[in-house]
Amino acid sequence: MQCSRASELMSLRLDGLLDDVTQIALDEHLASCVRCSGEWETFRALSRLLDSAPTATPAPDFVGRVAHRLAKRRARSKARRRRFVLLGASALLLLATLPAIVTLGGLLTDLSNPSSIEAGIRVVTMLLSAISSINSAVAHLFSAFLSTPGAVLVPAYVAIALMAVFLWGYTLLRIQTVSGKVGAGPLGYRVRVQNVQEVALS
Amino acid sequence: MEDEGTLVQRTLAGDERAFTCLVETYQNSVYNLAYRMLGDAAEAEDAAQETFLRMYTRLHTYDPNRKLSSWILSIASHYCIDRLRRRKHGLVSLDDVVSWRWLPSREEAPEERALRGEQRDEVMQLLQGLPPHYRAVLILRYWNDMSYEEIADALEATQGTVKSRLHRARKMLAQRVASQRGRKGVEREDRRLVNNAVL
């Protein structure tokens, strides 16, 4: 029997997987090979050491900690779903508003056509009445926008809308961070803090 | 006590007490596997918790024909191997960073503590010197008393692979022990020579 084969059989023997015939063949080899019999002794000693090593057990109330973490994760995933819904709604709102903004910009830039100007003013008036709760400062700002050329006005509107959506998303992320007591920033970094106790070997 | 199949069904139906029962049943084997794999109590706690969370979220994929313990230990060992791989490549995510506080262990006589500590250190040192896949088969074999077939099921490997990994793991450990013995022998010889020279 070759030593490499004997070594494999030793491993199987430790696990009680050798039949009688193979076991006898292995014993004969071990009796005649000093190197293999030395390895066999080390295998057995290692096996005894591993067999006698205790099972590590978690600190008390492990179940409670798992339940707590599960509840936290559920809350987090629920909040994440809500956040995606709100962000999706924001995007849809923006998409729905864009054509209106572009139309408005187009009307206002076509100054050569008096009916366009009238239509533009009508739209502005309607908008102003719809947002009656906005104070006069915003109204002044809006008037200032009217005096701005359309080529500047439309991109400015789009930029403001995008900024508003970004700020909204960012605020939602921050709210989530505080409510979940999970350090989460807009870049996705997370730091979880938990109590972990020392292993108590049985 | 209810059988595992019922507990799984109840957990799937949203019964948290059933899930708690499953955690209670398997907490020691999962924690022990994580501790022996990772070699650190705080990391083991975190990994064991994560294993049960994964078990909970993936329970609908569990095949009742499979042994539940093999399935849970499969989740645990894969998670630990993955974690060790990330650790090796320095890719420890902030999710893996854990803080811990040490609690005093139960009272033990100093000699008992020293002996147990020595044995624990020796076992842990030996295990930590093995590649993760080899470590996993040894742990499942010795601490979970699993057969080759069960280990193969847990690690999603063939029985031939398990047999070969177990053999290589033992061989590596034997070589390590032999080299340690050799080193200790040299150190003892050095000390003897120094003592003789002094005398």
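General remarks:
- Looking only at segment B:138-166, and only at residues there that are without any contact (Cβ under 8 Å) to a residue 40 or more places away in the chain, more than 9 Å from chain A (Cβ to nearest Cβ) and in a helix (DSSP H, G or I), the one that is farthest from B:Tyr62 (Cα to Cα): B:Arg165
- Restricting the first member to segment B:34-46 and to residues that are in contact (Cβ under 8 Å) with a residue 24 or more places away in the chain and over 10 Å from A:Pro58 (Cα atoms), and the second to residues that are of a type in the set (S, T, N, Q) and in a helix (DSSP H, G or I), the beta-carbon pairs closer than 6 Å and six or more apart or on different chains are B:Gly39/B:Gln128.
- Those residues of segment A:14-42 which are within 18 Å of B:Tyr148 (Cα to Cα) and within 11 Å of chain B (Cβ to nearest Cβ), in sequence order: A:Leu14, A:Asp15, A:Gly16, A:Leu17
- The lone exception for A:Ser7 - which of (1) more than 9 Å from chain B (Cβ to nearest Cβ); (2) touching a His at 6+ places or on another chain (Cβ under 8 Å); (3) among the polar types (S, T, N, Q) it fails: (1)
- Among the residues of segment A:32-58, those that are out of contact with any strand residue (DSSP E or B) (no Cβ under 6 Å at 6 or more places or on another chain), more than 16 Å from A:Leu9 (Cβ to Cβ) and among the small types (Gly, Ala, Ser) comprise A:Ala45, A:Ser52, A:Ala53.
- All conditions but one from (1) at pLDDT 90 or above; (2) on the phi > 0 side of the Ramachandran plot apply to B:Gly14; the one that does not is (1).
- Among (1) acidic (Asp, Glu); (2) more than 10 Å from chain B (Cβ to nearest Cβ); (3) within 22 Å of B:Val30 (Cα to Cα), the one test that A:Asp51 misses: (2)
- Hey, B:Tyr79 out of contact with any Lys or Arg (no Cβ under 6 Å at 6 or more places or on another chain), assigned by TED's automatic domain parsing to the domain that holds B:Tyr26, modelled with pLDDT of 90 or more and on the phi < 0 side of the Ramachandran plot or not: yes
- For segment B:1-76, the helices (runs of 4 or more DSSP H) that sit wholly inside it and include 3 or more residues that are under 30 Å from B:Tyr134 (Cβ atoms), under 13 Å from the mean Cα position of the chain (by Cα) and not polar (S, T, N, Q) are B:16-38, B:41-58.
- Residue check for B:Asp95: touching a Lys or Arg at 6+ places or on another chain (Cβ under 8 Å), modelled with pLDDT under 75 and within 14 Å of chain A (Cβ to nearest Cβ): yes
The values are calculated or read from the model by the stated rules, or taken from the named source; none is laboratory data. Everything quoted here is computed from the prediction, not taken from an experiment. Reconstructed Cβ throughout: ideal geometry from the backbone, glycine too, with neighbour counts over all protein chains shown.
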